[in-house]
Amino acid sequence: MIEKAVFISRIAGNIIREGFGKNLQIEFKTNKANIVTDIDKKSENIIKNFIRKEFPTHGILAEESGHEKGSSEFIWVIDPLDGTTNFAHGLPIFSVSIGVIKGKEIICGVVYDVMRDEVYSAEKGSGSHLNSKRIKVSSNSQIEESLLVTGFPYNISENPDNAIEKFSTIIKKARGVRRLGSAAIDFCYVASGVFEGFWEVDLNPWDACAGKLLVEEAGGKVTNFAGENIDIYSRQFLAGNGKINSILENILGK
Ligand code: IPD
Ligand code: CA
Ligand code: CA
């Protein structure tokens, strides 16, 4: 499965790269901030068609077309283009994210960072890799020396879970807080030790499925803001190197 996921994420990534900087057809989803392009849909279609052909009994949960039930317990969870706003504005930070769950357990995850041509992959029990090289979370336990990352959901104007206050508290304590605009890449950079931690409210399963496994297999910890175990349908995600998590839980869990 992991090989197939890597293969098709690269194919979808090629389509996205070809569309980058070109004329796009843009539609609004829930509001003007939340957009989808023709390339998101193209990417999703090619991934779904491939999975249907390779794994006809598996279910599919994909951002732009919803849930397609399968007869087996495997579900492919797909974000065909994570970072659509960046993509549409010409900022080269976006990815393809593909995870597979069996029951509630994530068993494989791939994130393809399209413009850097970097494949992050993880299989349950086999560690996390960046272009086949093993990656590990950082070992830093000091928030003052941490580089963190967060994201804001499309309904940020409603300030879900007091997201703005939480951001404001953390940015005053950390060395830096970034907002890259691709949650899947945020998880990858925690897995590879670039960031000590990542948090976001109101994520969808396709934003987090592959990334959660990547962080865990790299030695990190992914929970909700209270530090509790979660599945991909949790809306709150706190991913950290395991050393910084409790400090962030103390702030975010309030
Ligand atoms: C979004 C990105 C962004 C995050 C948003 C997501 P999309 O996904 O991951 O970083 O802050 O919450 O919805 O819409 O570009 O696939
Ligand atoms: Ca997404
Ligand atoms: Ca998307």
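Using +1 on the beta carbon of Lys and Arg, -1 on that of Asp and Glu, and nothing else charged, what's the dipole of segment 143-252 about the Cα centre, debye to 20?
320 debye
DSSP loop (so not H, G, I, E, B), at most 14 other Cβ within 10 Å: list which GluC sites (Glu not before Pro) in segment 73-122 pass both filters.
E73
Using the crude model of +1 on Lys and Arg Cβ and -1 on Asp and Glu Cβ, and no other charge, please compute the dipole size for the chain relative to its Cα centre, in debye to 20.
In total the dipole reaches around 320 debye.
How far is it, in nm, from the label point at S157 to the one at I251 when both lie 7 Å from their Cα along the line to the Cβ?
2.7 nm
Enter the per residue convex hull volume of segment 143-252, computed from alpha-carbon coordinates, in Å³ rounded to the nearest integer.
Residue-normalised Cα hull volume stands at 84 Å³.
Name the residue farthest towards the positive end of the dipole of the chain from the options L214, S138, M1, assuming +1 on Cβ of Lys and Arg, -1 on Cβ of Asp and Glu, about the Cα centre.
Final value for the positive-end residue is S138.
Using only the alpha carbons, work out the radius of gyration and Dmax of segment 15-83 in angstrom.
13.4, 40
Could you sort the peptides 55-65, 166-176 by per-residue average Cβ neighbour count (10 Å cutoff), highest mean leading?
Averaged packing, sorted descending, gives the order 55-65, 166-176.
With only alpha-carbon pairs counted, each pair once and no self-pairs, how large is the Kirkwood hydrodynamic radius of segment 2-135 in angstroms?
On the way: mean 1/r = 0.0660 Å⁻¹.
For segment 2-135, the Kirkwood estimate is 15.1 Å.
Applying 1/(1 + (r/R0)^6) with R0 = 35 Å to the Cβ-Cβ distance of D38 and R116, what FRET efficiency is obtained, to the nearest 0.05?
Efficiency computed from Cβ-Cβ geometry: 0.90.
Read-outs: derived from the displayed coordinates by stated rules, not from any lab. Every value quoted in this text rests on a predicted model; they were computed, and no experiment measured them. FYI the Cβ positions are ideal-geometry reconstructions off the backbone, even for glycines, and counts take in every protein chain you see.
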